[in-house]
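Here is the structure we will look at, set down as structure tokens.
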Amino acid sequence: MGKILEVKNLSKHFDDFTAVKKVDFSVEEGGFFSILGSSGCGKTTLLRIIAGFQQESEGEVIIHGQSMKGIPPEKRPVNIVFQNLALFPMMNVGQNIAFGLKRKKLKAAEINFKVNEMLERVGLNGYENKKVTELSGGQKQRVAIARSLVMNPSILLLDEPLGALDRKLREHMKVELKLLQKEIGTTFVYITHDQSEALVMSDQVAVMHDGQFEQIDTPRNLYKNPKTAFVAGFVGDTNRFEIESKEGDSIITQGGWKLKLPNHSEAADELYIRPEALILNPDNNLNDVVQFEVTITTILFDGSNTKLSTMVSGSNEELLISLPQNAQFDSIEEGHKLNVGVHSDDVKCF
Amino acid sequence: MNSNSNNQSGFNITFYLLIVPVLIWLIFMIVIPHVEMFISSFLVEDDMGDMVFSFANYIEFFSQKIYWLTFVKTAAYSVGVTILAFIIAFPIAFYLTKVTSKKNAGFLMVLLLIPLWVGELVTVYGWMVLLGDHGVINHALITIGIINEPLNMLYTNFSMVVGLLYMSMLFMVIPVMSTLQSMDDSLIEAACDLGASKWDIYTKIIIPYSMPGITSGAIIVFMLVIGDYLAPNLLGGKNSLWFTEQIYNSFLQTFNWNEGAAFGFLLLMISSAIIWLALKLSGQKLEKVGS
């Protein structure tokens, strides 16, 4: 499979600031590519440039090996699902989906066939004559996606389409969207500020910060091996410590916690440890495991996501530890002291 | 129990205080005059000088060609002026809401409102100064040398339509602006993304979306125009017969109040019928348009 979308050295300057700075990436055909970043990081601008609603200041967007320079949005082989969906309120569901096909001047019978096929695909058969205002949030979502997909785009761009849904529905739509993408095989470029959406659905995720891509990687790698401090802090829960000083192969944090860490980088000034990287009551014979003692201050019960809030003994540092919900640790209570270890590879310094 | 009944009566007093002015207004200003007019339109003076029931006022209307010709012309021109008002007002409303900056829009809006502040009579005289045989426009055209003889613009249907448009156009701009303001720009982008041409975007997205505003604007403009007296009378002159002039003549020239009442009622009927038909044709509902 070839590259369907290539973005080369793309920048976008506005009057007094730069929204997108020298972004470079490519997307494989049939892939699910997410751009993850907090609001204002430039991800929407980037998407709008790919769609053709905004002009790049420098660089180039290439789709199917063809430069998109000067090609207006309606002529590009991409379709976009807008953040607020932008369904046409004066049309019913069928008319909304048929809108693009009618502009292509297809025959009525063909339009009808395609609309019904698409409605079936998104699980809305029989909704053709419903008003858009009568639909639930999730149904509107599916109509918006159907309206774009029926155009058979090379690339479907999605601008935080799940943002307006409540949490439970969002979880559900996340899985549904991933399955839909697998089934139809269209390339998706998805932008979101929700890391869980990006991690669950994507083949590749780009983390965007301040107009730049910090890292492009598979979700697993992004989580396991963040390349920058921003990625380490942004993707997933983590404990962050600032490094005060270094003594030989030990690191001392600002809160006075001394960790023995061989082969740490000299330039580092921040340290990240994921809550689930911490091992409770580790075996003393384990190699490469840094061991220390903590005091439990609070148990933050949240089902499978339960965490312990602890203080590292002999220091001022708080440390969150994931608590596996098996019977082994049922006896743990607030105020207890606990031996904890962490594999030195799981301590990330930047 | 006690406090409950107190509450109840408290509610009643407020309720009646609020409803009474409305009822007084409705009964004394709208219901009674119309009933009175309706009754008097069926009365004529007999040989003895007594008022008796008769259809004579209405028969008079249908038997005199000049009356119902004026009537049809008034209705047709009012529809035409309403359509012209839409054609002129829609781009203005679109420019003010979607194209120009908020600051500019505010300033331009004030400019649009200025003619309302001086009153219709003054603006009508203003147009007379502009359009007259020795008026500003003719004078300018002759000076430049485009024409030798002054164009006959004043006291024609043209000058009348200009005056009617000028006075009523703003009432189309404002409701259309308010519906356009509520329209999300991403609808336009979505249409564009789905391959719609500029023409498609206007005819399939923007105008259908602003239909409630257009309809309420059209109703206001139509009512203002069909019931207007000043512009047809002063700018249209003798050539532009307007039905309000016939009503005026019945009441104040021939002092036949019963005939005037019948004519007034006919005007009310036709304007209501045209609005009803327009709502049916455009598929709009009065409740929706009003909100």
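The values are calculated or read from the model by the stated rules, or taken from the named source; none is laboratory data. Values in this document were obtained by computation on a predicted structure and should not be read as measured data. Glycine gets a Cβ as well: all are built from the backbone with ideal geometry, and neighbour counts include every protein chain shown.
Quick check, is A:GLU247 loosely packed, with under 14 Cβ neighbours inside 10 Å, under 27 Å from the mean Cα position of the chain (by Cα) and free of Cβ contacts under 8 Å to residues at least 40 places away in the same chain? No, not satisfied. Scan segment A:314-331 for residues that are out of contact with any helix residue (DSSP H, G or I) (no Cβ under 7 Å at 6 or more places or on another chain) and either under 23 Å from A:ILE243 (Cα atoms) or surrounded by 14 or more Cβ atoms within 10 Å (Cβ to Cβ) (or both) and the total you get is 8. Of all the listed residues (B:ALA191, B:ALA196), the sole one being assigned to a loop (DSSP other than H, G, I, E, B), closer than 28 Å to A:ASN152 by Cα and of a type in the set (A, V, I, L, M, F, W, C) is B:ALA196. Across segment B:232-270, the number of residues qualifying as in contact (Cβ under 8 Å) with a residue 60 or more places away in the chain and of a type in the set (Ser, Thr, Tyr) comes to 2. Take segment B:100-147 and flag every residue that is acidic (Asp, Glu) and not in a helix (DSSP H, G or I). Across segment B:100-147, the qualifying residue is only B:ASP133.
Among the residues of segment B:87-116, count how many are in contact (Cβ under 8 Å) with a residue 24 or more places away in the chain and within 14 Å of B:PHE171 (Cα to Cα). Qualifying residue count for the region: 9.
Every test in (1) β-branched (Val, Ile, Thr); (2) within 14 Å of another protein chain (Cβ to nearest Cβ); (3) surrounded by fewer than 22 Cβ atoms within 10 Å (Cβ to Cβ) is passed by B:ILE274 save one, and that test is (2). Looking at B:THR82, B:THR97, which is the one that is within 21 Å of B:LEU267 (Cα to Cα), modelled with pLDDT of 90 or more and assigned to a helix (DSSP H, G or I)? Being within 21 Å of B:LEU267 (Cα to Cα), modelled with pLDDT of 90 or more and assigned to a helix (DSSP H, G or I) holds for just one of B:THR82, B:THR97, which is B:THR82.
In summary, B:PRO150 fulfils each of the numbered conditions (1) over 30 Å from B:ILE274 (Cα atoms); (2) in a helix (DSSP H, G or I) with the single exception of condition (2).
Name the residues in segment A:79-111 that are more than 9 Å from every other protein chain (Cβ to nearest Cβ), aliphatic (A, V, I, L, M) and in a loop (DSSP other than H, G, I, E, B), would you? Hit for segment A:79-111 is A:LEU106, nothing else. Just one of the listed residues (B:ILE201, B:ILE207) is buried (at least 16 other Cβ atoms within 10 Å of the Cβ) and in contact (Cβ under 8 Å) with a residue 24 or more places away in the chain, namely B:ILE207.
Set side by side, the residues A:ILE71, A:ILE49, A:ILE62 differ, and just one is surrounded by 16 or more Cβ atoms within 10 Å (Cβ to Cβ), over 19 Å from A:VAL81 (Cα atoms) and in the same structural domain as A:MET208 (by TED's automatic domain parsing), which is A:ILE62. Considering A:LYS131, A:LYS43, the condition of being assigned by TED's automatic domain parsing to the domain that holds A:HIS13 and over 30 Å from A:SER196 (Cα atoms) is satisfied by A:LYS131 alone. Does A:GLY65 satisfy the criteria of being in contact with a Ser or Thr (Cβ under 8 Å, 6 or more places away or on another chain) and away from chain B (no Cβ under 13 Å)? No, not satisfied. The sole residue among B:GLY236, B:GLY195 that is more than 14 Å from chain A (Cβ to nearest Cβ) and more than 30 Å from B:ILE39 (Cα to Cα) is B:GLY236.
Residues B:LEU266, B:LEU281: which one is part of a helix (DSSP H, G or I) and more than 20 Å from B:ILE87 (Cα to Cα)? It is B:LEU266. Take the conditions (1) surrounded by fewer than 20 Cβ atoms within 10 Å (Cβ to Cβ); (2) closer than 30 Å to A:VAL205 by Cα; (3) more than 25 Å from the chain's Cα centre (by Cα); A:ASP166 misses just one of them, which is (3). Only one entry in B:PHE53, B:PHE61 is among the hydrophobic types (A, V, I, L, M, F, W, C) and in contact with a helix residue (DSSP H, G or I) (Cβ under 8 Å, 6 or more places away or on another chain), namely B:PHE61.
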